[in-house]
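Notes follow once the structure below has been shown.
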Amino acid sequence: MKRVSIVDVAKEAEVSVSTVSLVLRQKGKISPATIARVQQAMTTLGYVHNVAAANLRASTSNLIGLIIRDFSDSFAIKVMASIVQELERRQYMVFLGQPQNDDDALERCLLSFKQQGVAGVIYLNSDVTASALPEAIRRCPLPLVVVSQSLSEEKCDLVMRDNRQAANLATRYLIERGHRNIAYIGGGESDRIRQQRLQGFRSALTQYGMIFREELAPACDESTRAAGLVTRKLLEKNNAVTALLCHSPNAMLGGISAVHQVGRTLGKDLFLTSQVALLGFEDMLHVNLTSPSLTYVSSASEETGCQAAGLILRKINEADLTPQRIILSGQLVIRESA
């Protein structure tokens with residue numbers, strides 16, 4: 001079978017080869033009617049545009065390297081989906097790497113990206129205990145955008161969540177509903193997300209003339225069982241606690257279990273002294289089916305992905321672009337649990 005070329009498409013559409021080229025590259029001022037005629041000719045002839053070859057000829061690339069180190073991180077997964085969707089909408093493709101926590105594998109991943117000719121790299125940081133990026137990422141010679149939940153001091157092109165704002169928003173909401181004994185459940189002592197959220201938690205308490213109490217902010221391992229144990233112990237010792245801020249999905253699940261174990265129920269009615277309000281920091285599909293439905297501060301994962309995709313393309317097209325820091329705030333989604 002003869003291979004269909006751009007010349008064949010031009011003849012079929014009765015336009016010049018340069019016009020077909022402009023349509024394929026989405027360049028120039030081509031009328032919608034002409035674009036439709038060229039696209040119809042490509043469909044009729046079965047023409048497939050070789051983007052890789054076109055990029056090679058033009059010394060450009062429509063490939064973006066995406067590194068995700070933790071597929072168990074629900075935020076990173078949601079951000080990844082948003083990045084891929086946004087880049088595909090802009091005619092870019094994603095080359096995925098998953099080096100986990102192996103620095104040598106990360107080096108190989110970046111080398112592979114370079115060999116494949118990617119135009120830029122997006123790094124989804126999932127290490128919530130480190131204050132700096134891996135050295136291999138710092139040395140990356142390609143345009144780079146970092147997505148993080150905790151690297152607030154890192155000097156790089158960064159898209160991240162505002163953890164302080166999220167906790168402050170959640171705490172103020174609970175206080176304004178009448179809660180005066182609010183606990184923060186979960187996160188390890190070295191977890192930078194926990195540290196940042198506790199700053200927002202403290203600032204909200206101070207704003208309303210309330211005192212932060214260490215015993216109402218127990219840290220624990222990142223597991224449902226650990227969160228359940230510390231929450232149950234807390235509620236048995238402090239029966240005046242009426243609201244729980246849950247650090248993570250596991251903390252939410254552990255908190256729900258502990259509330260029931262101590263003979264109390266979930267809900268926002270302060271007149272029912274047996275009720276405990278529960279509020280989390282991201283939407284979870286498998287918890288949305290609970291009754292009552294859970295109140296949370298959104299993670300802004302979809303917007304994070306869109307912003308990261310847009311920023312890497314700006315960096316590719318503007319070599320002198322100054323480092324950008326995009327900090328995204330979550331929105332309070334009020335449901336039945338708080």
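Per residue, how many Å² of accessible area does the chain show with a 1.4 Å probe?
On the way: 17070 Å² over 338 residues.
Accessible surface, normalised per residue, equals 50 Å².
Could you pull out every residue, at least 5 positions away or on a different chain, whose amide H is within less than 5 Å of the one on residue 184? Hs are placed 1.01 Å off N in the peptide plane, and Pro or chain starts have none.
217, 245
Which one, 66, 184, 247, projects farthest toward the positive side of the charge dipole computed for the chain from Cβ point charges (K/R +1, D/E -1)?
With unit charges placed on the Cβ atoms, the residue in question is 66.
Students often get this wrong, so check it: of 29/315; 29/78; 237/268, which have C-alpha atoms separated by over 31 Å?
The answer is 29/78.
In a Gaussian network model over the chain where Cα atoms closer than 10 Å are linked, find which of 191, 127, 73 has the largest mean-square fluctuation.
In this elastic network of the chain, the residue with the biggest mean-square fluctuation among 191, 127, 73 is 73.
Using a 1.4 Å probe on the protein chains only, how many percent of the accessible area of the stretch 140-261 belongs to carbon and sulfur?
On the way: 2470 of 5020 Å².
C and S atoms contribute 49 percent here.
Please arrange 123, 47 by accessible surface area, largest first, computed with a 1.4 Å probe and ligands excluded.
Numbers: 123 5, 47 45 Å².
Ranking 123, 47 by accessible area, largest first, yields 47, 123.
Work out the charge dipole of the chain with +1 on the Cβ of Lys and Arg and -1 on the Cβ of Asp and Glu about the Cα centre, then indicate which of 141, 45, 207 is farthest towards its positive end.
Positive-end residue among those listed: 45.
List, in order, the whole-Hz ³J(HN,Hα) value for each residue of the stretch 101-116 obtained from phi through the Karplus relation with A = 6.51, B = -1.76, C = 1.60 and θ = phi - 60°; use x for Gly and Pro.
10, 9, 5, 5, 5, 5, 4, 5, 4, 5, 5, 4, 4, 5, 5, 7
For the chain, modelled as a GNM with alpha-carbon contacts under 10 angstrom, which of 169, 244, 272 fluctuates the most?
272
Order 260, 247, most accessible first, counting only protein heavy atoms with a 1.4 angstrom probe.
Details: 260 105, 247 15 Å².
Per-residue accessible area, sorted high to low, gives 260, 247.
Is there a quick way to get the dipole size of the stretch 84-229? I mean about its Cα centre, with the Cβ of Lys and Arg at +1 and of Asp and Glu at -1; what is the value in debye to the nearest 20?
Value, rounded to 20: 580 debye.
Three principal axis extents, largest first, for the C-alpha atoms of the chain, in Å?
81, 41, 37
Mind listing the long-range amide H neighbours of residue 277? Cut-off is under 5 Å, sequence gap 5 or more, other chains count too, H placed in the peptide plane at 1.01 Å from N.
HN-HN under 5 Å from residue 277: 243, 244, 267.
Taking H as built 1.01 Å from N, whose amide H comes closer than 5 Å to the amide H of residue 330, not counting residues under 5 places away?
For residue 330, the qualifying residues are 162, 166.
Indicate, rounded to the nearest 5 percent, the antiparallel portion of the DSSP beta bridges found entirely in the chain.
Details: 2 of 34 bridges.
Taking every DSSP beta bridge with both residues in the chain, the antiparallel ones total about 5 percent.
I'd like the distance between the alpha-carbon centres of the stretch 100-122 and the stretch 155-186, rounded to an integer number of Å.
Using only Cα atoms, the two centres lie 35 Å from each other.
How would you classify the stretch 166-258 from its alpha-carbon gyration tensor, with a ≥ b ≥ c the square roots of the eigenvalues: rounded for a/c under 1.5, else prolate if a/b is greater than b/c, otherwise oblate?
In terms of gyration-tensor shape, oblate.
Largest first, what is the accessible-area ranking of 212, 201 with a 1.4 Å probe? It would help to have the intermediate numbers written out before the result.
Values: 212 40, 201 5 Å².
Highest to lowest solvent-accessible surface, that is 212, 201.
The values are calculated or read from the model by the stated rules, or taken from the named source; none is laboratory data. Every value quoted in this text rests on a predicted model; they were computed, and no experiment measured them. All Cβ positions, glycine included, derive from the backbone under ideal geometry; neighbour counts span all protein chains shown. For the accessible areas, the whole protein counts, side chains as well, though only heavy atoms, and no ligand, DNA or RNA atoms are used. Shrake-Rupley method; radii C 1.70, N 1.55, O 1.52, S 1.80 Å.
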